[in-house]
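Working notes, structure below.
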């Protein structure tokens, strides 16, 4: 069947894309590491620069894969939840809410000279996500218009960012450098411990989401039809909120807010697949997000090396036009 | 005698406020029951309550002697299927994809369709004459085709009862007739019970077996079309003033 071939080709392309981007991320940098060296090193043979490879580049690339995927998946869940193609963790202010709480907790703990574990960071970010999402949900009761919902999300994002700036003002100089880098969004300095924690959390959230493919496919039709098909809509909505928050919390906790991936990637992947079936979209969005963020991170750290751009700057350059494109196409469809 | 579908002191409404009280009706299997009445009277509210989209305020309904309000969601989905006025959102879905969603209660954990499911989908599409457009995008077909695809989707649930909320609203006369003829066919071939609301009184009168007149706050009348459509009754049900009746007579409308 023609469709099945298209799905298979899309998945092969996505997997190859991620592998290629991973190799490039490992090779390219201030020190060039040839492909042959990487292969040797994976085999366990010692090579020149293997500390750079294993201590710096590998965890960073893996973080981009895990977090990029979870960001795209979180966006896909939110789009499904709101029946709105431009919903996403950044656009709806969820990332900013997470950022606010993480900053608050960081400053407070640093003042008391308490270090923070990555698990604690995730929990703080998760709470922040839930707070923002709660506001957006309240808004969505009153505004049904797609654009208005996004505008209110952006406003919530601004408020949270303003509060974050305020919090940073109370931090001492040493903390500011840290906080500032983090709040702009960057994968630099990811540790292996961080990779293990994020991998565990994201893996569980991913599998859980994947198991929800069937009810999600019914939910896509609209809530009345879903409940007629026997779906417990209330419980499902709660689960979507929980999963999308935890997924976007992960990225904020480890890399700071990264913009537009959640909207752009699911849209692009959907066009590639030619279907919106969750059972295909869930893994495809994840792979697409991994690829997209890996490439953006590579650009962010190599374009003006040794200066690093924030990942969010790069993702915005590629992601925002896609969002504009979706909005323009939607408005044309509305007129028709 | 016992009816196939009946309601017992059913009171429906929103947020605890009763809109229509004390509905007691019964119909036999394979009946087409049509709800008529002025806008806002509560036709949709009744349909939603029967379909379990809205909890009734009091009373209950029985299907084949089983209490509807105590059935599991899965049982309900295999017993009743819906066709609503509100458009189903289908992004990048072909007509066949949309119809296949009706198989939901019968598929496994991941919702994959078996060969048997595929056959049922084809059969349902054939029955309502939409098989030739199965590959087309659901958002790009005509309103008449869309309504029939929705009907095929409902049939895939293999329901005993189909509930339709103003299914002919956006259709022109040709599609209206086409849709109604399909409903009649389903009733005869499958013994399907149909409960729907209609705006078109002439269609309701000619195609229904039973009519339920939903008036202000209560059921006004329930019976066969001949019992319901009596001289002067419709103008009373819709609260049409004498002045308007005179106007209608002059222009020969009613």
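Each value in this text was obtained by applying a stated rule to the coordinates, not by laboratory testing. What you see is a predicted model; the values in this text were computed from it and never measured. Cβ atoms come from the backbone with ideal geometry, glycine included; neighbour counts cover every protein chain shown.
When only alpha carbons are used to place a centre, the range A:131-156 and the range A:262-336 end up 22 Å from one another. Among beta bridges from DSSP that stay inside chain B, the antiparallel ones total about 50%.
Counted over the range B:133-231 with a bin width of 5 Å, the fraction of Cα pairs per bin, in whole percents, is 2, 11, 21, 22, 19, 13, 7, 3, 2, 0. Shielding of peptide A:218-225 by partners, expressed as the average count of other chain Cβ atoms within 10 Å per residue Cβ, is 6.
Sorting A:269, A:261 from the fewest to the most surrounding beta carbons within 10 angstrom yields A:269, A:261. Distance from the Cα centroid of the range B:37-115 to that of the range A:2-24 is 38 Å (rounded to whole angstrom).
When A:66, B:211, B:141 are arranged by Cβ crowding within 10 Å, least crowded first, meaning fewest neighbours, the order is B:141, B:211, A:66. If R0 equals 30 Å, the separation of the Cβ atoms of residue A:232 and residue A:188 corresponds to a calculated FRET efficiency of about 0.10.
How much of the calculated P(r) for the range A:45-146 lies past 22 Å, in percent of all Cα pairs? All intermediate terms of the calculation are to be shown ahead of the outcome.
Values: 2479 of 5151 pairs.
Roughly 48 percent, rounded to a whole number.
Across all directions of projection, what mean area in square nanometres is found for the Cα convex hull of the range B:13-103? Let's see the in-between values first.
Details: hull surface 30.8 nm².
Over every viewing direction, the Cα hull of the range B:13-103 projects on average to 7.7 nm².
Here the residues A:141, B:6, B:146, ranked from fewest to most Cβ neighbours within 10 Å of their Cβ, fall in the order A:141, B:6, B:146. If r is the Cβ-Cβ distance from residue A:8 to residue B:233 and R0 is 60 Å, what FRET efficiency results, to the nearest 0.05? FRET efficiency, residue A:8 to residue B:233: 0.40.
For the options A:284, A:320, A:21, a Gaussian network treatment of chain A with springs between C-alpha atoms closer than 10 Å singles out A:320 as fluctuating the most. Note on chain B: with a GNM built from Cα contacts shorter than 10 Å, the maximum mean-square fluctuation among B:84, B:212, B:112 falls on B:112. Taking the alpha carbon gyration tensor of the range A:27-70, multiplying each eigenvalue by 5 and rooting it gives semi-axes of 20, 11, 9 Å, largest first. When you restrict to C-alpha pairs under 8 Å that are six or more residues apart and normalise by the size of chain A, the relative contact order lands at 31 percent. Label separation (residue A:271 vs residue A:19): 2.6 nm, computed from points 7 Å beyond Cα along the C-beta direction. Top mean-square fluctuation among B:110, B:138, B:170, Gaussian network model of chain B, C-alpha springs under 10 Å? Comparing B:110, B:138, B:170 in the GNM, the peak value goes to B:110. Starting from the Kirkwood radius over alpha-carbon pairs of chain B, derive D by Stokes-Einstein at 37 °C in a medium of 0.692 mPa s and give it in µm² s⁻¹. Translational D for this selection: 171 µm²/s.
What is the antiparallel percent of DSSP beta bridges lying wholly in the protein assembly as shown, to the nearest 5?
Numbers: 18 of 36 bridges.
Bridges in the protein assembly as shown that DSSP calls antiparallel: roughly 50 percent.
Under 1.5 on a/c is rounded, so check that first for the range B:210-254, then, if it is not, pick prolate when a/b is larger than b/c and oblate when it is not; a ≥ b ≥ c are the square roots of the alpha carbon gyration tensor eigenvalues. Present the calculation step by step, with values, prior to reporting the outcome.
Details: a/c = 3.69, a/b = 1.69, b/c = 2.18.
Here the range B:210-254 falls in the oblate category.
By the helix-only formula, in which each DSSP H run with n ≥ 4 contributes -39500 (n - 2.57) and the sum is divided by residues, the protein assembly as shown has a 222 nm mean residue ellipticity of -19500 deg cm²/dmol.
Taking the three principal axes of the alpha carbon atoms in the range A:2-335, the coordinate ranges are 62, 55, 34 Å, sorted in descending order. Each listed q (0.09 Å⁻¹) maps to a log10 I(q)/I(0) for the protein assembly as shown, found by the Debye formula over equal Cα scatterers with no solvent: -0.79. Averaging 1/r over every pair of different alpha carbons in the range A:1-78 and inverting the result gives a Kirkwood radius of 14.4 Å. The distance between label points at residue B:250 and residue A:148 comes to 4.3 nm (points 7 Å beyond Cα on the Cα→Cβ vector).
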